[in-house]
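These notes concern the structure reproduced below.
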Amino acid sequence: MTDRLKQVVNHVSSSNKMSNDLWQNVPLAPPDSIFKLTAAYKADPFENKVNLGVGAYRDDDNKPWVLPVVRKAEQILLNTPSLDHEYLPITGLPEFTAAAAKLILGPDSPAIAGGRVTTVQTISGTGANHLGALFLERFFPWSGNKEIYLSDPTWANHPAIFKNVGIVPRTYPYYDPKTIGLDFDGYMNALKTAPNNSIFLIHACAHNPTGVDPTREQWNEIAAVMLDKGHYGFFDCAYQGFASGNLDNDAWAVREFVKKGVNMLICQSFAKNAGLYGERVGALHVISSSKEAAERVKSQLSVLQRSEISNPPTYGARIVNLILNDAGLFEEWKRDIATMAGRIIDMRKQLYKVLTEELKTPGNWDHIVNQIGMFSFTGITPQQSQALVEKAHVYMTANGRISMTGLNRKNLGYFAESLDKAVRGQL
Ligand code: PLA
């Protein structure tokens with residue numbers, strides 16, 4: 001070997017050694033609890049496999065559904081040669097952010113009219129949660145520890161999002177396994193006993209994973225304590241339209257809290273209600289007490305956004321912008337949402353019927369029809385969930401959550417029978 005060659009070999013082997021050692025202390029992380037189900041489902045050759053994991057809408061043929069209104073908007077975009085691929089402003093497409101604020105806060109929102117809303121386009125709902133968390137970590141007038149109260153249970157990603165920015169996640173009671181419903185007393189007690197000016201993360205509608213929302217009377221009581229205690233509301237709205245099938249109904253709590261003057265921000269996602277999962281369309285709305293404060297908030301959100309993603313992506317925001325700002329497309333979108341919500345409600349009714357009338361599965365299954373939104377919290381044990389995954393090829397999260405959209409007329413019977421066997425300990 002020539003000296004030069006030896007030198008090169010040595011160099012390569014030493015750099016290899018270095019890179020081998022470099023990550024030796026990096027522990028192997030477990031796969032994501034929700035997305036691992038999608039991967040396992042895809043890899044499973046079993047014919048009757050069922051995916052009830054991720055909350056992504058499927059039609060009755062178990063296919064992802066591109067909303068007809070989205071197809072139309074895409075055609076319009078294709079036929080608009082003036083559109084280019086320049087960067088958007090840091091806070092996003094202005095027509096989109098303005099319309100997105102109106103969608104959640106209402107067209108006649110006094111907060112919008114007063115210029116008190118700062119809206120920033122984000123990387124879907126997750127990005128809105130992250131940017132909101134980051135903003136609070138930096139600028140919330142913390143009086144003690146940096147903490148946020150999350151409902152028990154909540155979306156699996158919430159604790160990680162807050163931990164990432166140095167906010168400690170704590171929990172407040174939300175779900176009562178005995179009633180398979182809301183633990184309203186526990187919730188109220190947590191609001192009352194938390195230190196003044198605490199931050200509570202609240203699911204705006206169609207709570208994930210339980211499918212259990214407060215009634216309007218209960219929302220009013222929650223708002224009253226929040227005001228009394230000076231608590232801050234961190235609203236996560238990932239399912240507007242999916243709870244009742246109606247966009248305005250599902251925004252009721254958010255609008256009511258804004259009207260009552262609860263200090264709050266809202267994270268908004270268009271992943272589910274527009275079926276734009278992978279396009280990552282969302283927004284963060286921060287409500288301030290004055291126009292001048294809203295401008296300062298906007299300036300700081302711009303600084304944070306710039307260093308995180310520089311500026312948000314164009315494609316999905318352009319689609320939603322067309323839908324929100326064209327009266328005809330907007331009406332069509334509402335019909336598409338009603339189609340999705342209606343199919344889910346139908347599946348709830350059918351599942352309930354098969355479990356209670358045909359199979360006479362032990363236990364009370366009223367919650368299947370009473371819970372709302374994409375998910376049902378079945379109330380089965382982690383062992384029963386595990387048996388369903390491992391023995392019946394029914395993919396669902398260990399906490400007993402099922403995504404109702406994964407059910408259709410063809411697989412509902414198989415799922416119900418498998419659930420029945422799991423409950424009877426016969427799987
Ligand atoms: N907030 C809640 C309460 C959610 O359930 C989800 C998504 C998001 C925010 C974020 O969605 P986005 O970033 O796509 O807008 N929850 C899903 C998917 C549907 C996931 O885990 O990311 C779920 O299966 O729970």
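The values are calculated or read from the model by the stated rules, or taken from the named source; none is laboratory data. Predicted, not measured: the structure shown is a model, and the values here were computed from it. Note that each Cβ is placed from the backbone with ideal geometry, even for glycine, and that neighbours are counted across all protein chains shown. These accessible areas exclude ligands, DNA and RNA; they are computed on the full protein's heavy atoms, side chains included. Shrake-Rupley method; radii C 1.70, N 1.55, O 1.52, S 1.80 Å.
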Carbon and sulfur atoms account, in whole percent of the 1.4 Å probe accessible area of the chain, for 53 percent
Packing-ranked peptide list from 111-124, 28-41, 292-305, 251-264, highest mean Cβ count within 10 angstrom first, is 111-124, 251-264, 292-305, 28-41
Between Y395 and residues 5 or more places away or on another chain, the pairs with built amide H atoms under 5 Å apart involve V50, N51, L52
Residue ranges of DSSP H helices in the chain that stretch 18 Å or more (Cα, own long axis) and have mean Kyte-Doolittle hydropathy of at least -1.0 are 3-22, 124-139, 216-229, 291-308, 327-353
Per principal axis, largest first, the Cα atoms of the range 176-272 extend in Å by 35, 33, 21
Expected max-MSF residue from I380, I345, I199 in the GNM of the chain (alpha carbon, under 10 Å) is I380
With the 1.4 Å probe rolled over protein heavy atoms, the chain has an accessible area per residue in Å² of 47 Å²
In whole angstrom, the spacing between the Cα centers of the range 119-138 and the range 324-392 equals 29 Å
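Which pairs in the list K260/K298; K163/K353; K36/K298; K63/K421; K102/K178 are over 31 Å apart, alpha-carbon to alpha-carbon?
K163/K353; K36/K298; K102/K178
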With -39,500 (n - 2.57) per DSSP H segment of 4 or more residues and division by the full residue count of the chain, the 222 nm estimate, nearest 500 deg cm²/dmol, is -14500 deg cm²/dmol
dims of the range 87-325, Cα set, principal axes, largest to smallest, nearest Å -> 50, 39, 33
Rounded to two decimals, the Debye log10 I(q)/I(0) of the range 32-77 (Cα scatterers, no solvent) at q = 0.15, 0.24, 0.27, 0.30 Å⁻¹ is -0.54, -0.89, -1.00, -1.12
Counting all Cα-Cα pairs in the chain, those more than 40 Å apart amount in percent to 23 percent
For C205, the residues 5 or more places away or on another chain with a placed amide H closer than 5 Å to its own amide H are A238, Y239
